[in-house]
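One structure is given here, and the rest of the page talks about it.
Each value in this text was obtained by applying a stated rule to the coordinates, not by laboratory testing. Just so you know, these numbers come straight off a predicted model, no measurement behind them. Reconstructed Cβ throughout: ideal geometry from the backbone, glycine too, with neighbour counts over all protein chains shown.
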Ligand SMILES: Nc1ncnc2c1ncn2[C@@H]1O[C@H](COP(=O)(O)OP(=O)(O)OP(=O)(O)O)[C@@H](O)[C@H]1O
């Protein structure tokens, strides 16, 4: 029995849900045989996990699938330059109770996740200002604790508390992650699916689609990946999210128009848009 199996068994017994199907429908599909298990191993070992990959590669889906598997709710933070300590930890507010005014602290996602053993999912972690996240350092390393500056409370994390973060390194508006913060994570590259795994995702998401449409989209996806690898197209051209959207649209409107709206029009460069539509045209013939 692996440590992942042991952890699932432990949580299943604790939650009295022996009969439940732990891996929910629509879970993350691993691009190779190791990645999913390697990430779960870090989560079980209570190591913060950093998912590095382009937009629409399934990073959020992966975190949701870990949450399904371990029956652990997710507390999410979407980072931006405006993110501050209050958005992470919580804030004080005035409440009326029994006709009396009182000041109460409303817990933020970090405090809730630490106290209740949830997964803390920090999306676009490199969009936050460098000075905002160091407040989390002690929660992210072996100490697994944090002193809440707003209340003075010392919070020792629940044993199940896990942290997953996502980063899209090429994204405009991001800055390199502070080294001390990055050093607290185990980092995994999350690539776009291809080959058999991509076909598996299409079979699951579009069981009723015309097989010709599926083949068209999978061929186009393969072409787009090659263009990205050869540096002829920006990475997001092969986004799985866009390809899924194009397929869903193409079940109702002309395939090339679907590809234009869901994939090509998102690209800033006109020559890339034209190349993409030329490729799509080739597969249509
Ligand atoms: N490997 C995968 N397994 C299952 N679904 C996937 C996978 N890759 C992409 N998807 C699907 O693609 C869509 C986008 O995925 P998701 O939102 O998780 O991407 P992301 O990497 O978090 O993107 P962003 O960086 O823009 O937030 C979702 O519908 C998701 O289910």
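In plain terms, if you count all Cα to Cα distances in segment 62-171 and split them into 10 Å steps from zero, the share in each step is 14, 42, 31, 11, 2, 0 percent. The residue 268 and residue 141 beta-carbon pair, evaluated with R₀ = 35 Å, returns a calculated FRET efficiency of approximately 0.35.
What number, in percent, do you get for the relative contact order of the chain if the mean sequence gap of Cα pairs under 8 Å and at least 6 apart is divided by its residue count?
Averaging sequence separation for qualifying contacts and normalising by length gives 20 percent for the chain.
Working note: Debye formula, equal point scatterers on the alpha-carbon atoms of segment 41-82, no solvent; log10 I(q)/I(0) at q = 0.27, 0.30, 0.32, 0.33 Å⁻¹ is -1.19, -1.26, -1.27, -1.27. Label-to-label distance, residue 284 versus residue 46, with points set 7 angstrom from Cα along the beta-carbon direction: 5.7 nm.
Relative to the longest principal axis of the C-alpha atoms of the chain, give the angle of the C-alpha long axis of helix 35-44, reported between 0 and 90° and rounded to the nearest 10°. With both axes taken from Cα atoms, the answer is about 0 degrees. Calculated FRET efficiency, residue 80 and residue 151, Cβ-Cβ r, R0 22 Å, to nearest 0.05? Once rounded, the FRET efficiency stands at 0.35.
Between the helical axis of 211-229 and the longest alpha-carbon principal axis of the chain there is an angle of about 70 degrees. In segment 134-189, Cα pairs under 8 Å separated by at least six residues give a relative contact order of 30 percent. The angle separating the long axis of helix 240-250 from the principal Cα axis of greatest extent in the chain is about 50 degrees. Residue separation of residue 98 and residue 208 scaled by 0.36 nm, minus their Cα-Cα distance, works out to 33.8 nm of gained length.
For n ≥ 4 DSSP H runs only, could you compute -39500 (n - 2.57) per run for the chain, divide by its residues and tell me the 222 nm figure to the nearest 500? Please list the in-between numbers first.
Values: 12 runs with 118 residues, N = 285.
Helices in the chain give a 222 nm mean residue ellipticity of -12000 deg cm²/dmol.
Using every pair of separate Cα atoms, the Kirkwood estimate puts the hydrodynamic radius of segment 69-120 at 12.6 angstrom.
Using Cα pairs closer than 8 Å and at least 6 residues apart in sequence, work out the relative contact order for segment 1-156, in percent.
Result for segment 1-156 is 20 percent.
By other beta-carbon atoms within 10 Å, ranking 146, 213 with the fewest at the front produces 213, 146. Coordinate range of the alpha-carbon atoms in the chain per principal axis, descending: 71, 44, 43 Å. Which of these, 54, 207, 159, has the largest mean-square fluctuation under a Gaussian network model of the chain (Cα springs below 10 Å)? Of 54, 207, 159, the most mobile in the Gaussian network model is 207.
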